[in-house]
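S.K.: If you scroll down you'll find the structure; I have some questions about it.
None of the figures in this text is laboratory data; all of them are computed from the coordinates on show. Everything numeric here is computed off the predicted structure, so don't read it as measured data. Here Cβ is always computed from backbone atoms with ideal geometry, including for glycine, and neighbour counts include all displayed protein chains.
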Amino acid sequence: MTLLASGYGLQLLWGALVTVSLTLCALAIGTVLGIAGASAKLSRHRALRAVGGCYTAVVRGIPDLIIIYILYFGGTIALTKLAGRYVEVSEFAAGATALGFVFGAYASEIFRGAIGKVPKGQHEAGHVLGLSTVAAFLLIILPQAWRLALPAFGNQSLILLKQTSLVSVIGLEELARAASVVSGATREPFTVFAGAAAIYLVLTATGTLLLHHAEARSARKYAGGA
Amino acid sequence: MLDLGIIRSVFPDLLGGVVLSIKLSLLILLFGLLLALPVAFARNATSPALSRASKLYILFFRGVPAIIQVFLVYYGLGQFPAVRSSILWPVLRDPFWCLIIALSLNGSAYTGELLAGAMRAVPRGLVEAARALGLSRARTLQTVVVPLAVRAALPAYSNEVILTVKATSLASTITLLDVTGAARLAASQTYAPYEVFIAAGIIYFVLTYSLSYGLRQLENALAVEGQH
């Protein structure tokens, strides 16, 4: 315990901070990809629907670890080609992109399901009110779909938080990697990894609380109707 | 650009890893399911102590990343001299068994929660009817509750199975040469990491895709006509 109170404890906490920022960045990227993916899946064009379907199928079938490696090494190759000289992609950027890519695939399924659950009459009401398709989607469908998507979306975000630990394999010093480094230095691996586990538990518990709060809020807003 | 020649040439190197990945997946699924049963029964137990213990178990294993659990078992346990001198040490220092122990415990928490939910979803009236017909508690469980719960849990469990196969890629972080481990090795030897990991991705995709196809067939075979 004294071990974690020393500078090593700070190193773990710094790692936790990286973990949280990585989660938030991947969440932002993934939400955008999720909306794009859901739009593709709900599109009238068969080709777009196929692209959306492939996106989810590929991510479902391949371990996140492999996707992180592919984007890390592939990103370096792509950037080098673009810049005309050797450029190494940052571990953080590669990790956030890879996890965002994975998150987006699951989020697109969640959004598609939620949008499908909004009654058809709501679309029609938007048209009757003279709203354009885009305006009706943004003003009428999306707010209702968001409420329906929230529990699954939150759950997936908590999974994302834990999956950030995989970015440690490409050397980013987030919490899991920091724990490995500290355990090597202190020779007390169990204590250190147990400490890291405790920090992760605090993070996931905080995430769960935030999620419940958000769900309660979104339910309250619609308590009268829907 | 992507070199298809390298992708093709690296497959033989990765195929050795496939055997290990499949072996790990099967053992983890087996032990995970066996451990999930007591977790699920405890979760639904009327005794508050039992159900609380099960809840804590599930909370810990679902709240902490699997890689940390793998490290706790593989690197962590050796910290204790008592573990190092015990008869279990040959098992506990073997990365193969460490991965199986960590991921089986992890999987049992997810599967346990799933089974517990499925068992709660079995209509009470059916259980009461079975009891009224004179079936013992154990017999009711065996002939009514478990078959119905298994059928209800199967779609979510199929998902679990795929996630488990993907999670075995963590083996590569503790020196094992599963598909990912073999890919890491090949990447460092060929200096073409991008192509190598794409080849590994293709292998995983084929594995999980055929597996989910098989599981869907199983779901269809078990589905009762008229339902869904």
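S.K.: Sort out for me the Cα centre separation of region A:79-143 from region A:49-69, rounded to whole Å.
M.R.: 16
S.K.: Are there any helices in chain A, counted as whole DSSP H runs, that stretch 15 Å or more along their axis by Cα and score at least 0.0 on average by Kyte-Doolittle, and if so which? Don't jump to the answer; show the numbers that get you there.
M.R.: Values: long enough: A:7-41 (49 Å, 1.42); A:46-61 (22 Å, 0.47); A:64-83 (28 Å, 1.60); A:91-117 (39 Å, 0.76); A:142-163 (29 Å, 0.35); A:175-186 (16 Å, 1.02); A:189-221 (48 Å, 0.66).
Span-like helices in chain A: A:7-41, A:46-61, A:64-83, A:91-117, A:142-163, A:175-186, A:189-221.
S.K.: Name the longest site-free stretch of chain A, where the excluded sites are trypsin sites (Lys or Arg not before Pro) in a DSSP loop with no more than 13 other beta-carbon atoms within 10 Å.
M.R.: Values: sites that count: A:Arg44, A:Arg85, A:Arg187.
Result, exposed sites excluded: A:86-186.
S.K.: Rounded to the nearest 20 debye, what is the charge dipole size of chain B about its Cα centre when +1 sits on each Lys and Arg Cβ and -1 on each Asp and Glu Cβ? Let's see the in-between values first.
M.R.: Details: 17 positive and 10 negative charges, 180 e Å.
Result for chain B is approximately 860 debye, rounded to the nearest 20.
S.K.: Which residue, chosen from A:Phe73, A:Val169, A:Pro63, occupies the Cα position most advanced towards the positive end of the dipole of region A:9-221, where the dipole is computed from +1 (Lys, Arg) and -1 (Asp, Glu) charges on Cβ about the Cα centre?
M.R.: Highest projection toward the positive end goes to A:Pro63.
S.K.: So if I take the centroid of the Cα atoms in region B:108-150 and the same for region A:183-200, what is the distance between those two points in Å?
M.R.: Distance between centres, Cα-based: 41 Å.
S.K.: Can you grab the distance from the C-alpha centre of region B:20-49 to the C-alpha centre of region B:175-207, Å, no decimals?
M.R.: Using only Cα atoms to place each centre, the spacing works out to 30 Å.
S.K.: Each label point is 7 Å from the Cα along the Cα-to-Cβ direction; what then is the distance between the points at A:Ala78 and B:Asn220, in nm?
M.R.: Between A:Ala78 and B:Asn220, the simple spin-label model gives 3.7 nm.
S.K.: Indicate the gyration tensor shape class of the protein assembly as shown (rounded, prolate or oblate), computed on the Cα atoms with a ≥ b ≥ c the square roots of the eigenvalues: a/c under 1.5 is rounded; otherwise a/b larger than b/c is prolate and the rest oblate.
M.R.: Numbers: a/c = 1.45, a/b = 1.07, b/c = 1.35.
Rounded.
S.K.: For the pair A:Asn155/A:Arg217, report the inter-label distance in nm, with labels modelled 7 Å from Cα in the Cβ direction.
M.R.: 2.2
S.K.: Which shape class, rounded, prolate or oblate, goes with region A:9-221 when its Cα gyration tensor gives a ≥ b ≥ c as root eigenvalues, a/c under 1.5 marks rounded, and past that a/b bigger than b/c marks prolate? Each step should come with its number before you reach the end.
M.R.: Values: a/c = 2.91, a/b = 1.56, b/c = 1.87.
In terms of gyration-tensor shape, oblate.
S.K.: Let me ask something else about it. Given only helices, namely DSSP H runs of n ≥ 4 each adding -39500 (n - 2.57), what is the per-residue ellipticity at 222 nm of the protein assembly as shown, to the nearest 500 deg cm²/dmol?
M.R.: -26000 deg cm²/dmol
S.K.: Within straight cross-link reach of A:Lys117, meaning Cα distance under 17 Å, which lysines are found once same-chain residues fewer than 8 apart are removed?
M.R.: A:Lys41
S.K.: With +1 assigned to the C-beta of every Lys and Arg and -1 to the C-beta of every Asp and Glu, and no other charges, what is the dipole magnitude of the protein assembly as shown about the Cα centre in debye, to the nearest 20? Don't skip to the end; give the middle numbers.
M.R.: On the way: 34 positive and 19 negative charges, 242 e Å.
I would put it at about 1160 debye.
S.K.: In chain B, which whole DSSP H runs stretch at least 20 Å along their own axis (Cα) and average -1.0 or higher on the Kyte-Doolittle scale?
M.R.: What comes out of the filter, once short or polar helices are dropped, is B:4-43, B:48-63, B:95-120, B:146-167, B:193-222.
S.K.: Give, as a single signed number, the net charge of other residues whose beta carbon lies under 13 Å from the beta carbon of A:Leu13, with Lys and Arg counted +1 and Asp and Glu -1.
M.R.: -2
S.K.: For chain A, set up a GNM with springs between Cα atoms under 10 Å and report which of A:Ala205, A:Ala178, A:Ala16 has the largest fluctuation.
M.R.: Fluctuation is largest for A:Ala205.
S.K.: On average, how much area does the Cα convex hull of region B:4-222 cover when viewed from any direction, in nm²?
M.R.: Details: hull surface 60.7 nm².
So the mean shadow area of the Cα hull is 15.2 nm².
S.K.: I would also like to ask the following. Using the Cα centre of the protein assembly as shown as origin and beta-carbon charges of +1 (Lys, Arg) and -1 (Asp, Glu), tell me which of A:Ala28, A:Thr206, B:Ser85 is placed farthest towards the positive end of the dipole.
M.R.: Farthest towards the positive pole: A:Thr206.
S.K.: Would you list which lysines come within 24 Å of B:Lys23, measuring only between C-alpha atoms, while excluding same-chain residues fewer than 8 positions from it?
M.R.: Straight-line reach from B:Lys23, under 24 Å: B:Lys166.
S.K.: If Lys and Arg each add +1 and Asp and Glu each add -1, what is the summed charge of the other residues whose beta carbon sits under 14 Å from the beta carbon of B:Gly16? Intermediate results must be reported in sequence, preceding the final value.
M.R.: Working: positive: B:Lys23, B:Arg184; negative: B:Asp13, B:Asp178.
In short, 0.
S.K.: Could you tell me which of B:Ala186, B:Ile174, B:Ser9 has its Cα farthest along the dipole of the protein assembly as shown towards the positive end, charges placed at Cβ (Lys, Arg +1; Asp, Glu -1), taken about the Cα centre?
M.R.: Highest projection toward the positive end goes to B:Ile174.
S.K.: Could you check which residue among A:Gly53, A:Gly84, A:Gly184 shows the biggest mean-square fluctuation in a GNM of chain A with a 10 Å Cα cutoff?
M.R.: Looking only at A:Gly53, A:Gly84, A:Gly184, the largest GNM fluctuation is found for A:Gly84.
S.K.: Note down the nm distance, to one decimal, between modelled labels 7 Å out along Cα→Cβ at B:Leu163 and at B:Tyr191.
M.R.: 4.1
S.K.: Right, here's the next one. Count neighbours as other Cβ atoms within 10 Å of each site's Cβ, and list the GluC sites (Glu not before Pro) in region A:120-226 that are DSSP loop with at most 10 such neighbours.
M.R.: For GluC sites (Glu not before Pro) across region A:120-226 that sit outside H, G, I, E and B with at most 10 neighbouring Cβ atoms in 10 Å, the list is empty.
S.K.: Hand me the trypsin sites (Lys or Arg not before Pro) from region B:116-213 located in a DSSP loop with no more than 16 other Cβ atoms within 10 Å, in residue order please.
M.R.: Numbers: sites: B:Arg120, B:Arg124, B:Arg131, B:Arg137, B:Arg139, B:Arg151, B:Lys166, B:Arg184; in loops: none.
Those that pass, being in a loop and sparsely packed, number zero.
S.K.: Where is the GNM fluctuation largest for chain B (alpha-carbon springs, 10 angstrom cutoff): B:Val146, B:Val165, B:Val73?
M.R.: Among B:Val146, B:Val165, B:Val73, the largest mean-square fluctuation in the Gaussian network model of chain B belongs to B:Val146.
S.K.: Then there is this: If you average the sequence gap of Cα pairs under 8 Å that are 6 or more apart and divide by the length of region B:87-228, what percent do you get for the contact order? List each step's numbers first, then the result.
M.R.: Values: 86 pairs, mean separation 31.4, N = 142.
Dividing the mean separation by the residue count of region B:87-228 yields 22 percent.
S.K.: Now, a different point. How about region A:1-86: which chymotrypsin sites (Phe, Trp or Tyr not before Pro) there are in a DSSP loop, with at most 14 other Cβ atoms within 10 Å of their Cβ? Kindly include the intermediate steps, with their values, before the conclusion.
M.R.: On the way: sites: A:Tyr8, A:Trp14, A:Tyr55, A:Tyr69, A:Tyr72, A:Phe73, A:Tyr86; in loops: A:Tyr86.
For chymotrypsin sites (Phe, Trp or Tyr not before Pro) across region A:1-86 that sit outside H, G, I, E and B with at most 14 neighbouring Cβ atoms in 10 Å, the list reads A:Tyr86.
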